[in-house]
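In what follows, a single structure is set out as structure tokens and then discussed.
The values are calculated or read from the model by the stated rules, or taken from the named source; none is laboratory data. Remember, it's a predicted structure, so these values are computed and weren't measured experimentally. To get the accessible areas, we keep the full protein, side chains included, count just its heavy atoms, and leave off ligands, DNA and RNA. Shrake-Rupley method; radii C 1.70, N 1.55, O 1.52, S 1.80 Å.
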Amino acid sequence: AKEQGRNCHRFFSETMRIPAARRFSIETKLSKALERGEFVLFYQPRIDIASLRVVGMEALLRWQQPDEGFVMPGEFIPMAEENGLILPIGDWVLQEACRQTAAWHAADLPPLVVSINLSTVQFRHRLLADRLAQVLADTGIDPSLIELELTESVLMEDTKLSAFLLSRIKDLGLKVAIDDFGTGYSSFSYLKRFALNTLKIDTSFVSDLNKDPGDEAIVSAMIALAHQLGLQVVAEGVEETHQLDFLRSRGCDEAQGYLFSRPVAAADFEQWVRDRER
Ligand code: C2E
Ligand code: CA
Ligand code: CA
Ligand code: CA
């Protein structure tokens, strides 16, 4: 099951796995979801392991569909990538996450960094840098409070172009994270070539820590190598205290997972931060 989890986006992300009738129904509704205001962002905290303070949050998209309730991104993002809707949807995510972060900053929440997931279509769009500059100007947000998350497979697609596109993002003052690290074809030599700030260790390596000595070795090596390359390390999918203890013993910088909080709506996230920081 773990190996499957690790490779799932390679084999199961194809939207053809969804039955045709359901796919058609979702696609029709999806095309109207933006104008109907049915998207919401949930937020999940990122915790500094040494101090246990919240230092940021990942914005995770939810579709509040009137007939079906919450639809999870795994069900509609691959579809939106195929039919191009990911561009306007991703644009909304960018705008909304930055607006919310700036609002929290103004409301005296600690200066939290917001992580925003970018799909490959967005990353490779020729107007991305212009669009990012526009959102920065519109929201007045400090660019160093934004981290864009790109998966390993997105970056490895055309490494030369990726390196160029990354440098343009970095020129704007934004941070960049490599997401789901270790799940695809990855090479540490590319980490050095890409202008990255953060490496996110995929959930599949974290879930069996203390059961699987192989995973312990892999996670330890990832942390050490990332640190030698000057990257911050975030472990994803931290659900249990023993996982956090192991990560702390290996010097991992940050943790994210159900142990601290599930992704929650903005108002709940704000309350959670205020209660915790009190
Ligand atoms: P991701 O970027 O790897 O996000 C982390 C996923 O792990 C989230 O699933 C989150 O709810 C889940 N998670 C967090 N902590 C735990 C934990 O302790 N245990 C377990 N088992 N899971 C945990 P979610 O929200 O369903 O998102 C799935 C994927 O959809 C994301 O994976 C990301 O690739 C994509 N996605 C989400 N929002 C956006 C978006 O705004 N734009 C784009 N392009 N992709 C998005
Ligand atoms: Ca992510
Ligand atoms: Ca991830
Ligand atoms: Ca993932």
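Gain on full extension, evaluated as 0.36 nm per residue between ALA137 and ARG23 minus their Cα-Cα distance, stands at 37.3 nm.
Taking amide H as placed 1.01 Å from N in the peptide plane, SER115 has its amide H under 5 Å from the amide H of MET57, GLU58, ALA59, GLU147, each at least 5 places away in sequence or on another chain. Of the accessible area of the chain, computed with a 1.4 Å probe over protein heavy atoms only, carbon and sulfur atoms account for 54 percent. By the combined test of axial Cα extent (at least 27 Å) and Kyte-Doolittle hydropathy (mean at least -0.5), the qualifying DSSP H helices of the chain come to 86-106. Fully extending the segment from LEU172 to SER249 would add 24.2 nm, taking 0.36 nm per residue of separation and subtracting the current Cα-Cα distance. Residues in the chain average 47 Å² of solvent-accessible surface per residue, probe 1.4 Å, ligands and nucleic acids excluded. For the pair ARG124 and SER51, the difference between a 0.36 nm per residue extended length and the Cα-Cα distance amounts to 22.6 nm. By a 1.4 Å probe calculation restricted to protein chains, ARG250 has an accessible surface near 110 Å², given to the nearest 10. Only DSSP H runs of four or more residues enter the estimate; each adds -39500 (n - 2.57), and after division by the residues of the chain the mean residue ellipticity at 222 nm equals -15000 deg cm²/dmol.
Using heavy atoms of the protein chains and a probe of 1.4 Å, the accessible area assigned to ASP67 is about 120 Å².
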